[in-house]
Amino acid sequence: MEEVLHYINGQRVRGASQRMSDIYNPALGQVIRQVPLGDKADLEAAVASAKAAFPAWSNMPVARRARHMFKLLDLLQENVDAFARIVSEEHGKVLDDAAGEIARGSEVVEFCCSMPQMIEGRYDSQIATGMDQFSLRKPLGVVAGITPFNFPIMIPLWMFPMAATCGNTFILKPSERDPSASLLLADLIKEAGIPDGVFNVLHGDKEAVDGLLTHPDVKAISFVGSTPIAQYVSSTGWANGKRVQALGGAKNHMIIMPDANMEQAADALLASAYGAAGERCMAISVAVPVGEETADKLIEAMVPRIEGLKIGPGTGEGVEMGPLVNQPAFDRVSGYIAKGVEEGAKLVLDGRGFQAPQGYEGGYFLGGSLFDNVTPDMSIYKDEIFGPVLSVVRADDYEQARDLATNHLYGNGVALFTQNGALARDFAENVEVGMLGINVPIPVPTAWHSFGGWKASIFGDLPMFGKDGLLFWTRQKNVMARYPNAQTAMGQFNFKRSSDI
Ligand code: NAD
């Protein structure tokens, strides 16, 4: 069976570890490849490669590092179809969605092309007599990114281009469920002329992650995944003296006011709740219509839309929703549907028992599910389900709806659909969530802003990419300089008095 290899010092290598993990095609439910799960020896090889590459790479003028990003940007655009096929095959998402992932990731590469300007320092002359001061941003050294299965190319592109253009050398630990896209990325990075060792791929599971979190030569960890693992990664990384940003799970609400355009809101809700089978950290999983009439209209608008979803393999013509990523995900989501019924929510549409298209009977397909009359005490409301299941929580008024989002454990994304500007302004000012959409369902910020939620959706102070990303991947150095031999119009300095400083 084909093996997906590690990528260390510019070479694909099998590594030392004997442990392997199966990679599935989720539309077929079949194992298509295997990936080695890196051990200590593999980790040491990846760290040694990145460490050896650091001095030359970090000393390369930033404009030259940025020029490599221009080249990488072109190569990514030329390879959109190849990426989309690999991602769809191992993840299950539809080709258009996979292509969109590359487009959003490429925005960060594009942003990095402006690094010479972004990384600017500050120079102040004559801060004391004959003394100047300047501060600059320096890279950290060997750094690592640990990424989830649901965006196998976009999220590595949130991390590597920023880290590398700032002068760091990088180890990617991709999800073991869909690791192949990381190797195509490695090939393009090499083709872009980026020296061997600047980008490395170490496959693995907890053993590889723990190795990165405790290795003295790894200076920073950027993580995206579920909240329990984000919490573990951040606390372990911090205990080992690393800089860590760890983005976690989500439960994103969409509030629909009585004055919203219901057709637009329902279309937006369909795409954001069921797109990528709900396996997005910015998916809407809770709809909060305000008032009984709005709620009834929303259910009426959603039912035919959900029933009309074209579900099948991600590579299929016109398919709108693919399978879940694997059997455990299928079982977890099915289990939550059963739990919602037990807890007393009204199951309006049940996606279990969906008949997969011919030839794909073994795939992990679920139809779209819709719950009405969900209440905040139910587990289907509290927990991240990460599947094509939408919960409708009816609210009496705007304040109750806003406070639901504010009081939820997670604070990644939230949307409000209304035509009332004053209400929208109150929402933007007061709701306690990190990324807001006003008549926009999935408000993923562009690369020159930064991406990150609040509360249990992030551990660490600095979100991804943008100016915050630059701060995360660099540290400040401050220099105060005085030149005793320098002559001024006033003659030689006198350094005898402390007041000269
Ligand atoms: P996950 O937490 O299971 O895995 C993420 C990474 O951690 C993987 O590389 C995995 O190998 C590693 N890992 C898993 N278990 C580990 C353990 N016990 N110890 C150390 N490392 C471990 O997440 P996932 O299922 O791959 O991805 C889905 C989750 O990611 C969802 O919760 C989703 O909301 C979240 N997510 C968040 C964002 C965001 O920006 N906030 C973006 C995408 C996905």
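The values are calculated or read from the model by the stated rules, or taken from the named source; none is laboratory data. The structure presented is a predicted model; accordingly, all values stated were derived computationally and were not measured. Glycine also receives a Cβ, built like all others from the backbone with ideal geometry; neighbour counts cover every protein chain displayed. In case anyone asks, the SASA skips ligands and DNA or RNA and just uses the protein heavy atoms, side chains included. Shrake-Rupley method; radii C 1.70, N 1.55, O 1.52, S 1.80 Å.
A compact table of results
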read-out	value
Pair list, Cβ under 6 Å, 6 or more apart: region 178-196 residue among the hydrophobic types (A, V, I, L, M, F, W, C), other residue open to solvent by 10 Å² or more (accessible area, probe 1.4 Å) and in a helix (DSSP H, G or I)	Ala181/Ile86; Ala192/His68; Ala192/Lys71; Ile194/His68
Qualifying residue in region 301-315 (condition: within 16 Å of the ligand (Cβ to nearest atom), buried (at least 22 other Cβ atoms within 10 Å of the Cβ) and assigned to a loop (DSSP other than H, G, I, E, B))	no
Meets criteria (surrounded by 17 or more Cβ atoms within 10 Å (Cβ to Cβ), assigned by TED's automatic domain parsing to the domain that holds Arg177 and farther than 19 Å from Glu320 by Cα) for Leu76	yes
Given (1) over 14 Å from His68 (Cβ atoms); (2) within 16 Å of the ligand (Cβ to nearest atom), index of the condition Phe160 fails	(1)
Which numbered condition Val414 misses (of (1) within 15 Å of the ligand (Cβ to nearest atom); (2) outside any strand (DSSP E or B))	(2)
Hey, Glu361 touching a helix residue (DSSP H, G or I) at 6+ places or on another chain (Cβ under 6 Å) and among the acidic types (Asp, Glu) or not	no
Set Pro445, Pro441: member being without any contact (Cβ under 8 Å) to a residue 60 or more places away in the chain and part of a loop (DSSP other than H, G, I, E, B)	Pro445
Number of the exception - Asn200 against (1) touching a residue at least 60 places away in the same chain (Cβ under 8 Å); (2) surrounded by fewer than 24 Cβ atoms within 10 Å (Cβ to Cβ)	(2)
Residue selected from region 238-291 under the condition open to solvent by 20 Å² or more (accessible area, probe 1.4 Å) and in a strand (DSSP E or B), by the criterion farthest from the ligand (Cβ to nearest atom)	Arg243
Residue in region 457-478 that is farther than 25 Å from Val109 by Cα, more than 12 Å from the ligand (Cβ to nearest atom) and not hydroxyl-bearing (Ser, Thr, Tyr) present	yes
Answer from Arg85, Arg64 - the residue that is assigned to a helix (DSSP H, G or I) and without any contact (Cβ under 8 Å) to a residue 40 or more places away in the chain	Arg64
Strands (runs of 3 or more DSSP E) wholly inside region 91-176 that include at least 1 residues being open to solvent by less than 40 Å² (accessible area, probe 1.4 Å), of a type in the set (D, E, K, R) and closer than 22 Å to Ala250 by Cβ	169-173
Hits in region 211-236 - residues which are within 9 Å of the ligand (Cβ to nearest atom), in a helix (DSSP H, G or I) and surrounded by fewer than 17 Cβ atoms within 10 Å (Cβ to Cβ)	Pro228
Wholly enclosed strands (runs of 3 or more DSSP E) of region 341-401 bearing at least 1 residues assigned by TED's automatic domain parsing to the domain that holds Ala266 and of a type in the set (D, E, K, R)	346-349, 369-372
Count - residues of region 316-325 that are in a loop (DSSP other than H, G, I, E, B) and open to solvent by less than 30 Å² (accessible area, probe 1.4 Å)	6
Residue in region 188-199 that is hydrophobic (A, V, I, L, M, F, W, C), in contact with an Asp or Glu (Cβ under 9 Å, 6 or more places away or on another chain), outside any loop (DSSP other than H, G, I, E, B) and within 11 Å of the ligand (Cβ to nearest atom) present	no
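Conditions tested, residue by residue: (1) within 15 Å of the ligand (Cβ to nearest atom); (2) of a type in the set (S, T, N, Q).
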position	(1), (2)
Ser125	no, yes
Ala128	no, no
Met131	no, no
Gly145	yes, no
Cys166	no, no
Ile171	yes, no
Pro174	yes, no
Ser180	yes, yes
